[in-house]
Structure formats: structure tokens, C-alpha cells
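The values are calculated or read from the model by the stated rules, or taken from the named source; none is laboratory data. Since the structure is predicted, the reported quantities are computational estimates derived from the model, not experimental observations. Using ideal geometry, Cβ is built from the backbone for each residue, glycine included, and neighbour counts are taken over all protein chains shown.
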């Protein structure tokens with residue numbers, strides 16, 4: 001993909017069916033989430049295919065409001081809300097997105113455990129940006145990318161590279177510049193059943 005930054009994405013252009021998220025960077029004005037295996041529509045990718053999967057990309061929300069955010073844990077039989085965040089009233093002039101994914105860190109630590117966790121968001125913003133790395137890869141078809149062996153899909157990503165990306169070690173310079181004058185806040189995600197606490201990597 002030649003274009004590495006997409007500014008005109010709408011909510012319906014992005015899919016998260018098998019996606020992972022990890023160490024969120026949150027400041028007063030910017031909310032950045034690293035994602036593995038999101039899909040984008042043909043209207044955005046211009047690939048001529050129905051879905052384009054991206055191995056590593058950032059979702060960037062500027063001047064954002066979290067309408068609702070739920071961190072949850074689940075196993076084969078039940079889902080439990082661990083905690084939730086409610087924001088301000090919707091702003092009709094902002095773009096609105098609904099997204100969700102499994103937690104990469106929890107999956108990494110509990111690959112042999114049936115319990116898993118994730119997050120779902122309703123979030124709005126004045127400006128949205130989908131940013132890829134120079135090294136981001138794409139594929140087409142039913143399945144995209146996974147750093148973990150799955151029942152019906154073998155790993156097709158380097159695990160250590162995935163870990164580094166999810167810890168924001170590859171954060172592009174333009175995103176570093178976006179947050180450098182805006183103090184990042186720490187976000188804790190607590191999974192009591194496993195005694196796991198994850199904390200985002202702060203630049």
C-alpha cells in the first residue's frame with residue numbers, strides 16, 4: 001500500500017472481527033490505539049477486493065470523546081464487564097466510531113487458558129486518522145493476520161515484532177510529535193481472575 005495515512009475513513013470502512021488491541025496512548029486531546037489485523041473497505045484501500053487486512057496499524061482520534069468504553073473478560077460460556085467508562089453527550093459535528101477487539105497482552109499471557117479479555121468502544125472525534133507503518137503488510141481473503149496459533153489458522157506474524165509494535169516501540173515520528181506537548185495518561189486494565197494488570201507503554 002503506497003498511502004500510509006488515511007484521513008477520510010468512516011466507521012463503516014473499518015472492521016475488527018479478529019483484531020487485537022494493546023497499549024493505548026491517551027492524552028487530553030489524542031487517543032491512539034495500536035491494532036493488529038483490522039480490515040478496511042475497498043473504498044479506502046482501492047485494492048479492488050472486498051476486504052483488505054492490515055497486520056499493524058494505529059487508530060488515531062484527535063479531539064475525542066469516549067461515549068462509552070467497556071473492558072470485559074469472557075470464557076466459553078459468559079462475558080463479564082470488568083469496568084466501563086462513560087463520556088460526554090454526543091457531538092453531532094464529530095465523526096463517530098464503534099470498535100472492539102481482544103486484548104493482545106492478555107492473550108499473550110493466557111494462550112493456554114480459556115479466559116480471555118477485550119474492549120469495546122463508542123468514540124467520537126473531530127479528526128480521525130488510520131496510520132500504517134512503512135513495514136505494514138496487507139492480505140486479502142477470509143482471514144487476515146495473527147501472531148498466535150489459532151484452531152483454524154496458524155500464526156503468520158513474528159511474535160516478537162508484534163509485541164514490540166503493541167508496546168508502541170515503532171511509533172512513527174508524526175505520532176510522537178502529536179503527543180509530545182500533551183502529557184500522556186496511564187490506563188490500567190485489571191483482570192482479576194488472572195491477577196493481570198497491564199499498563200500502556202508511555203512515550
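Per this entry, residue 82 is not counted among residues that are surrounded by 14 or more Cβ atoms within 10 Å (Cβ to Cβ), part of a strand (DSSP E or B) and at pLDDT 85 or above. Among the numbered conditions (1) in a strand (DSSP E or B); (2) more than 22 Å from residue 108 (Cα to Cα); (3) touching a helix residue (DSSP H, G or I) at 6+ places or on another chain (Cβ under 8 Å), the only one that residue 31 does not meet is (3).
Return the residues of the stretch 160-203 that are at pLDDT 90 or above, farther than 25 Å from residue 28 by Cα and surrounded by fewer than 12 Cβ atoms within 10 Å (Cβ to Cβ); say none if nothing qualifies. 160 - this is the single residue of the stretch 160-203 that is at pLDDT 90 or above, farther than 25 Å from residue 28 by Cα and surrounded by fewer than 12 Cβ atoms within 10 Å (Cβ to Cβ). The set of residues in the stretch 45-79 that are at pLDDT below 75 and part of a strand (DSSP E or B) comprises 74, 79.
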